[in-house]
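**Student:** Quick one: structure below, then a few questions.
Since every read-out is calculated from the coordinates, none of them should be taken as a lab result. In this text, all values refer to a predicted model and were calculated from it rather than measured experimentally. With ideal geometry, Cβ positions are generated from the backbone for all residues, glycine too; neighbour counts draw on all protein chains shown.
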Amino acid sequence: MVQIVPDWRDLPDRLRGAAVAIGAFDGVHRGHQAVIAEARAAADRLGVPLAVVSFDPHPRRWFQPEAAPFRLMTPAQMARAMAPLGVDRLHLLPFDATMAAMTDTAFVGRVLCDGLGIAHAAVGFDFTYGKGRTGSAVGLRRQGEALGFGVTVVDRIDDGDGLKLSSSGVREALKAGDMPRAAAILGRPFAIEGEVIHGDKRGRTIGVPTANVSMGDYMRPAYGVYATRTRLPDGRMIDGVANLGVRPMFEIDQPLLEVWLFDFDGDLYGQTIETELVAFLRGEMAFDGLDALKVQIAADAAAARAALS
């Protein structure tokens, strides 16, 4: 299990001295994984722990508080995605007024050296840091030489088909409802995690009880119906079909993920579940009445079972 460390100040020695990968790592996609692999190689070489240094909230949220939701994962999902990569710790640095005002020199000196005591850093080729993004990967290497830690810069990586391995590439795929492309960049299906909340319970009246999860700050994939797999708190994975959006027939103010778990009967209210959007089946539709809706739900369920088989 990856330990999440929520600050960089006054850390005990046991939480210092790692080889670190530094970046936003939203999505922990295959490009991010390459940066973490370089940090892991340094950790093995130096005999130190492997850590990732990221930020919470995402810097974009701090500088653009009115920006549309854009996150690809929660901190808990980020930590779980990093566990198979050998990461010991995730340093989620608070991105606040202090962090936003730091120069590139102050960030390296105060945070990376004095705070985290890093032994090595790995970053992507386009990594920037410090107020006004004045620091660069090349600049970090130069500062590291002066302060006693090594720096590995990872070049841009695309797969053999020219697939752009980036968070923006994932967002483009999700917006288009292209779940295979999103999964190819991420290395796993895109998934939404959240607490099951009470809805209007209309689904129960037509034999389709749903587990409802607020979208929060997740970016909005294409609205419509998806074949899904949901991880329950006890670890079970349950196939299902979900509507993501604002339901034109029974419109709601904020988009919601409403998952019908196949062959499941249980109370999930207040529990946290994670739902993979495996395949996009169709866009949102309005219907003439409940009978037409029920016919479509049956067709969607059949299509979901086929996609998941």
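**Student:** For the chain, take the convex hull of the Cα atoms, compute a quarter of its surface area, and give me that in nm², please.
**Tutor:** Average of the hull's projected areas for the chain equals 17.2 nm².
**Student:** Express in nm, to one decimal, how much length is gained between residue 96 and residue 296 on full extension, taking 0.36 nm for each residue of separation and deducting their alpha carbon distance.
**Tutor:** 67.3 nm
**Student:** Once the Cβ-Cβ distance between residue 76 and residue 223 is put in as r, and R0 is 25 Å, what FRET efficiency do you end up with, to the nearest 0.05?
**Tutor:** In this case the efficiency is close to 0.50.
**Student:** Under 20 Å from a label point 7 Å along Cα→Cβ of residue 163: give me every residue in region 281-296 with its amide N that close.
**Tutor:** 281
**Student:** For a Förster distance of 25 Å, can you work out the FRET efficiency between the beta-carbons of residue 287 and residue 197, rounded to the nearest 0.05?
**Tutor:** Using R0 = 25 Å, I get an efficiency of 0.55.
**Student:** Within the chain, which is the longest segment containing none of the GluC sites (Glu not before Pro) that sit in a DSSP loop and have at most 10 other Cβ atoms within 10 Å?
**Tutor:** 67-250
**Student:** Using θ = phi - 60° and the Karplus relation 6.51 cos²θ - 1.76 cosθ + 1.60, list the HN-Hα couplings for region 46-62 in order, rounded to whole Hz, with x at every Gly or Pro.
**Tutor:** 8, x, 10, x, 10, 9, 10, 10, 9, 9, 9, x, 4, x, 4, 5, 5
**Student:** Specify the angular offset, from 0 to 90 degrees and rounded to the nearest 10, of the alpha carbon long axis of helix 290-308 from the longest principal axis of the alpha carbons in the chain.
**Tutor:** Roughly 50 degrees between the two axes.
**Student:** P(r) for region 98-214, please, calculated from all Cα pair distances in 10 Å bins and given in %.
**Tutor:** Result returned by the calculation: 12, 25, 21, 24, 10, 6, 1.
**Student:** Work out how much length residue 172 to residue 214 would gain on full extension: take 0.36 nm times their residue separation and subtract the Cα-Cα distance, in nm to one decimal.
**Tutor:** Additional length available on full extension: 13.0 nm.
**Student:** Compute the FRET efficiency between residue 5 and residue 141 as 1/(1 + (r/R0)^6), taking r as their Cβ-Cβ distance and R0 = 25 Å, and round to the nearest 0.05.
**Tutor:** 0.50
**Student:** Using the Karplus equation 6.51 cos²θ - 1.76 cosθ + 1.60 (θ = phi - 60°), what ³J(HN,Hα) coupling, rounded to whole Hz, does each residue of region 181-194 give in order, writing x for Gly and Pro?
**Tutor:** 3J(HN,Hα) across region 181-194, in whole Hz: 5, 4, 5, 5, 6, 6, x, 5, x, 5, 9, 10, 10, x.
**Student:** How large is the charge dipole for the chain, taken about the Cα centre, if only the Cβ atoms of Lys, Arg (+1) and Asp, Glu (-1) carry charge, to the nearest 20 debye?
**Tutor:** In debye, rounded to 20, the chain gives about 580.
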